[in-house]
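Have a look at the structure below, then the notes.
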Amino acid sequence: MPHLTSTEIAGRIEDLYGAPLADLEVHTQDQPPGMLSALLGMHDDLALAEHSIDVHRDHIARLLHPERQIGPHEVSHLLDGSRRLAEAVAVRDAQTKSVLAVLQSLARVPAPAPPSPTPAPSLPAPPLPAQSTAHSR
């Protein structure tokens, strides 16, 4: 499965709906829940998971700094941070998989073609001369 960021997913949603994400979010506020609001919610969850990954990765990096001593207190923080990081990665992967499946099942509907000009009504064909049933002499 390709790893797409929330920014790339946002671009795909914008391409699908033909509008910037901010405009789409405003639009959904006035509409009943539907596919667009579901996609936007999945995108938000994905962005939150990515942020959580960054926070926990940075926290672990600070705890593992080479000049820092690792004692019993730090070990519990490392374990907790590692668990939280793993959870955030799992959420990100699940959200990415779900939103990609939904996006792949949808296609942008082309704009309706302008109506073709209706041809002028055709004139009726001229009547054929009546043929007589009498025999000629």
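Taken together, the values in this text are just the output of simple stated rules run on the coordinates, not laboratory data. This is a predicted model, so every value here is computed, not measured. Cβ atoms come from the backbone with ideal geometry, glycine included; neighbour counts cover every protein chain shown.
Considering only C-alpha atoms, what is the centroid distance from the stretch 3-54 to the stretch 67-95, in Å?
What the calculation gives is 28 Å, centre to centre.
Which net charge results for the neighbourhood of Q95, defined as the other residues with beta-carbon distances under 10 angstrom from its beta-carbon, given Lys and Arg at +1 and Asp and Glu at -1?
-2
Step through the residues of the stretch 78-85 one at a time and calculate ³J(HN,Hα) from phi using the Karplus curve (6.51 cos²θ - 1.76 cosθ + 1.60, θ = phi - 60°), rounding each to whole Hz and writing x for Gly and Pro.
Computed from phi, the couplings for the stretch 78-85 are 5, 5, 5, x, 5, 4, 5, 5 Hz.
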